[in-house]
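Trainee: Sharing a structure here in structure tokens format.
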Amino acid sequence: MSDLKFIINKARKYYFEDWRGNEEICPAFKEKVFLTNVGWRHIAKHPRRNLVDKIIRLKKLSLARDLLKTSTTFQTLKKKSQFYYWGFQSIKGDTRIKVVVSAKGKDGKKILYSVMFKNIKRSEQRSIEIHNRKIIREFKRKNYYKRKRKKK
């Protein structure tokens with residue numbers, strides 16, 4: 001079996017046997033995001049996607065699963081016709097992860113629609129880390145004074 005077929009079969013097994021049927025509640029929706037053939041076809045068989053892009057998506061499906069299990073909010077919301085698309089983003093190491101969930105109608109059944117991964121440059125990653133540290137420092141500074149006032 002070629003390496004490509006091995007990767008596809010391993011990803012298909014993970015998607016359909018390990019993850020599908022064992023979906024967990026996504027905190028952002030307070031409901032499950034289901035896996036369907038629509039999502040699989042969009043991730044693995046989209047005709048405009050090049051082979052390398054498909055392989056990256058298939059090899060990193062577990063990162064998408066982790067993102068959906070832990071995300072408490074989504075970053076984007078788009079509506080096309082009667083369909084809604086929610087975008088979740090996260091950075092793990094040097095990989096930026098984006099997961100798209102869709103539903104027919106805002107309250108419809110949520111399904112995994114797409115996953116995207118991008119390695120970010122070290123300089124870009126450093127600037128993100130510096131920015132995050134500033135936010136955390138500012139948050140701690142503001143909350144330190146609130147805690148101090150409550151103790152009095």
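Quick note: the coordinates plus some simple rules give every number you see, no bench work behind them. Since we're looking at a predicted model, the values are computed, not measured. We place every Cβ from the backbone using ideal geometry, glycine too, and count neighbours over all the protein chains shown.
Trainee: If you keep only loop residues by DSSP, which trypsin sites (Lys or Arg not before Pro) in segment 1-108 have at most 12 other Cβ atoms within 10 Å of their Cβ?
Mentor: Counting only loop positions with at most 12 other Cβ atoms within 10 Å, the trypsin sites (Lys or Arg not before Pro) in segment 1-108 are LYS30, LYS45, ARG48, LYS106.
Trainee: Short version: ³J(HN,Hα) in whole Hz for each residue of segment 82-99, in order, from phi by Karplus 6.51 cos²θ - 1.76 cosθ + 1.60 (θ = phi - 60°), x for Gly and Pro, what are they?
Mentor: Values, residue by residue: 9, 9, 10, 10, 9, x, 10, 9, 7, 10, 10, x, 10, 10, 8, 10, 10, 10 Hz.
Trainee: Ok, one more. So what's the net charge close to SER71: Lys and Arg +1, Asp and Glu -1, counting the other residues with Cβ under 15 Å from its Cβ?
Mentor: Taking every Cβ under 15 Å from that of SER71, the sum is +4.
Trainee: In a shell of Cβ-Cβ distance under 10 Å around ILE7, excluding ILE7 itself, what net charge do Lys and Arg (+1) and Asp and Glu (-1) give?
Mentor: +4
Trainee: Give me the angle, in degrees from 0 to 90, between the Cα long axis of helix 122-151 and the longest principal axis of the Cα atoms of the chain, rounded to the nearest 10.
Mentor: Computed tilt is about 40 degrees.
Trainee: Calculate the all-directions average of the projected area of the chain's alpha-carbon convex hull, and give it in nm².
Mentor: If I average the Cα hull's projected area over directions, I get 12.3 nm².
Trainee: Considering only DSSP beta bridges where both residues belong to the chain, give the percentage that are antiparallel (nearest 5).
Mentor: 95 percent
Trainee: Here is a further query. Nearest 10 degrees is fine. How inclined is helix 61-70 to the longest principal axis of the chain, computing both from alpha carbons?
Mentor: Relative to the chain, helix 61-70 is tipped by roughly 40 degrees.
Trainee: In a shell of Cβ-Cβ distance under 13 Å around LYS109, excluding LYS109 itself, what net charge do Lys and Arg (+1) and Asp and Glu (-1) give?
Mentor: The answer is +1.
Trainee: Looking at segment 1-104, which GluC sites (Glu not before Pro) are in a loop (DSSP not H, G, I, E or B) and have at most 13 other Cβ atoms within 10 Å?
Mentor: Filter output for segment 1-104: GLU24.
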